[in-house]
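First the structure, in the form of structure tokens, and then the observations on it.
The values are calculated or read from the model by the stated rules, or taken from the named source; none is laboratory data. Fair warning: this is a prediction, and the values are worked out from it, not measured in the lab. As a convention, Cβ positions derive from the backbone with ideal geometry for all residues, glycine included, and neighbour counts pool all protein chains shown. All accessible areas refer to the heavy atoms of the entire protein, side chains included, with ligands and DNA or RNA removed. Shrake-Rupley method; radii C 1.70, N 1.55, O 1.52, S 1.80 Å.
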Amino acid sequence: MILFERSEFLARIARAKAEMTKRGIDLLLVASPANQFWLTGYDGWSFYTPQMVAVSLKQEEPVWIGRKMDAVGAKFTAFLAEENVVPYPDYYVASTERHPIEFVAEELKRRGWDKGTIGVETDDYYYTAKWDAILKRDLPNARFVDAFLLVNWCRMVKSERELEFMRQAGKIAAAAQQAAYDKAEPGVRQCDVMAEVYRVTTAGLPEFGGTFPCKPPNAMVGEYCAAPHLSWTDAPLAKGEIFYIELGGIRHRYHSPLSRCIYLGTPTQEMQEVAKVIAEGLQAVLDKVKPGVACEELAAAWKAVTARHGIEKDSRIGYPVGIGYPPTWGELTASLRAGDRTVLEQNMTFHCIPAIWMENYGLVISESFAVTENGAECFADYPRVLTYKA
């Protein structure tokens with residue numbers, strides 16, 4: 001299913017080409033699956049083998065180059081004309097004699113795109129040192145420059161269709177948090193609670209379904225909550241434990257993260273006070289959101305609250321979100337922290353996650369939101385409290 005109109009794809013491509021022109025780039029090679037999806041609509045679990053999208057200033061549409069069996073998927077998901085979907089034979093896959101990027105280089109030469117300045121995503125998860133070496137060896141007449149995050153920055157301002165998907169994802173996220181709360185009881189295994197999260201994020205809601213997440217939820221119990229990026233086990237939950245859950249609702253690859261904690265029993269006074277500070281600080285951030293405000297100003301709003309309560313947090317409190325492919329739903333561009341002067345624009349989307357990690361536990365209350373003329377539009381509707389079951 002092609003999710004967006006051709007006109008929207010062409011507008012995205014024009015945005016990328018404008019940045020290419022500004023940087024003096026004639027051809028952009030896009031390795032990131034998220035950026036390939038944004039530029040073309042191509043969506044398949046095929047990024048474990050090399051594939052590339054080439055954006056040339058000489059041609060209106062990009063070109064997708066990938067494995068032959070996966071080119072069929074482009075017919076169903078990409079807006080591209082047939083001649084701009086270029087398959088390589090399967091004997092390139094897992095071969096010690098040839099490499100798919102050699103095929104990419106040959107295709108670029110065939111199209112006359114092997115000269116001038118070529119931009120590549122040098123620090124992307126999916127652009128390897130071997131790819132870089134092959135391209136530079138096989139395209140000796142080109143000059144290579146770093147174009148990492150060029151497309152990511154172009155993705156930050158969302159269209160109305162993208163915002164619709166993120167709103168739907170936010171509703172799924174809230175339903176998944178509620179499912180976790182309903183399932184969590186002393187004696188219930190952690191993994192069984194998370195199975196409910198996966199059930200809801202996959203099934204979605206009656207009016208629209210979900211999509212598989214780009215990464216597993218971060219879900220820690222007890223003292224493990226002091227570490228932000230661990231996972232659940234098959235141990236049974238016990239009274240007096242915190243279950244820290246950072247999950248994402250997903251709709252057509254668009255992620256709306258949402259984080260909350262569940263306490264089994266009655267939380268200590270300290271925990272309740274810390275949770276209140278997080279909620280107060282989060283609200284201060286959301287109240288500050290509007291076009292023209294810098295990311296660092298949101299961080300300052302948070303810090304003003306925590307400083308008043310004597311709490312410190314030395315990590316950032318948020319980042320842009322949207323399309324998610326493994327391993328992240330973050331857009332890897334701006335950060336909500338001191339010193340980041342990125343200016344908010346209408347329809348940018350962020351996940352504000354001002355978690356506090358203490359020595360023996362951690363607490364989190366987060367929101368994903370869009371920047372609007374009237375402030376922050378949160379995608380989920382879920383209580384901003386430390387939920388508990390006495």
Handout entry: Odd one out for Leu286 among (1) outside any helix (DSSP H, G or I); (2) surrounded by fewer than 22 Cβ atoms within 10 Å (Cβ to Cβ); (3) not polar (S, T, N, Q)
Key = (1)
Exercise for the section: Please work out which residue is farthest from Phe243 (Cα to Cα), limiting yourself to segment 164-208 and to residues that are hydroxyl-bearing (Ser, Thr, Tyr) and within 18 Å of the chain's Cα centre (by Cα). Expected result: Thr202
Practice task
Note down all Cβ pairs under 6 Å where the first residue falls in segment 2-26 and is within 18 Å of Lys158 (Cβ to Cβ), the second is open to solvent by 80 Å² or more (accessible area, probe 1.4 Å) and not hydrophobic (A, V, I, L, M, F, W, C), and they're at least six residues apart or on different chains.
Solution key: Phe4/Arg161
Problem - Answer residue from segment 1-30, given it is open to solvent by 70 Å² or more (accessible area, probe 1.4 Å) and β-branched (Val, Ile, Thr) and is modelled with the highest pLDDT among those - result: Thr21
Completion exercise
Per the filter on segment 267-281, residues surrounded by fewer than 24 Cβ atoms within 10 Å (Cβ to Cβ) and assigned to a helix (DSSP H, G or I) are Gln269, Glu270, Met271, Gln272, Glu273, Val274, Ala275, Lys276, Val277, Ala279, Glu280
Problem - strands (runs of 3 or more DSSP E) wholly inside segment 36-152 containing at least 1 residues that are open to solvent by 40 Å² or more (accessible area, probe 1.4 Å) and within 24 Å of Arg23 (Cα to Cα) - result: 142-146
Exercise for the section: Filter segment 153-164 down to residues that are farther than 18 Å from Leu10 by Cβ and either of a type in the set (A, V, I, L, M) or crowded, with 19+ Cβ neighbours inside 10 Å (or both), then give me how many there are. Expected result: 2
Practice task
Please indicate, with yes or no, whether at least one residue in segment 354-371 is at pLDDT 95 or above and open to solvent by 10 Å² or more (accessible area, probe 1.4 Å).
Solution key: no
